[in-house]
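Scroll down for the structure; my scribbles are underneath it.
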Amino acid sequence: MKVRAHPALAALLLLATGLAACGPVPVDQAERSCLRDAREATAPRSQAVLGVGTDGDDVGVLAGFSVSVSSDYITGRDPAVVFHDCVLRRSGQVPTRPLHQQPGYRS
């Protein structure tokens, strides 16, 4: 006997799975992930890459540079406000402590 899933049921299951991923996260998890947003509001970030490799007799050089600037930095938003709003948006709760008291945060 061969059992086939109904297409509407499969679509409903996919939709429910996707919506579950959008739900609130625990406040401590939101605080950890929102630290990045707060740091990005303080200054532009840059990264430089330089590498040399060989493949037999061929020598290759890899070089790159990137700069990222957040819209919060451009608009001059306070990193503490960015952090608070981010935690509230992700968890539905206010942070357990302000940005400057978060472990690992340096202004």
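The values are calculated or read from the model by the stated rules, or taken from the named source; none is laboratory data. These numbers come from a predicted model, not from an experiment. Here Cβ is always computed from backbone atoms with ideal geometry, including for glycine, and neighbour counts include all displayed protein chains.
Taking the criterion of being farther than 30 Å from H84 by Cβ, at pLDDT 65 or above and among the polar types (S, T, N, Q), would at least one residue in the stretch 35-42 satisfy it? Don't jump to the end; show me each part of the working.
The first filter runs over the stretch 35-42 and keeps only residues farther than 30 Å from H84 by Cβ, leaving none.
The answer is no, given that none of the residues of the stretch 35-42 is farther than 30 Å from H84 by Cβ, at pLDDT 65 or above and among the polar types (S, T, N, Q).
Does V81 satisfy the condition of being on the phi < 0 side of the Ramachandran plot, surrounded by 10 or more Cβ atoms within 10 Å (Cβ to Cβ) and of a type in the set (A, V, I, L, M, F, W, C)?
Values: on the phi < 0 side of the Ramachandran plot: yes; surrounded by 10 or more Cβ atoms within 10 Å (Cβ to Cβ): yes; of a type in the set (A, V, I, L, M, F, W, C): yes.
Considered against the rule, which asks whether it is on the phi < 0 side of the Ramachandran plot, surrounded by 10 or more Cβ atoms within 10 Å (Cβ to Cβ) and of a type in the set (A, V, I, L, M, F, W, C), V81 comes out as yes.
For the stretch 32-78: of the residues being touching a Pro at 6+ places or on another chain (Cβ under 7 Å) and among the aliphatic types (A, V, I, L, M), which is surrounded by the most Cβ atoms within 10 Å (Cβ to Cβ)?
Across the stretch 32-78, the extreme among qualifying residues is A38.
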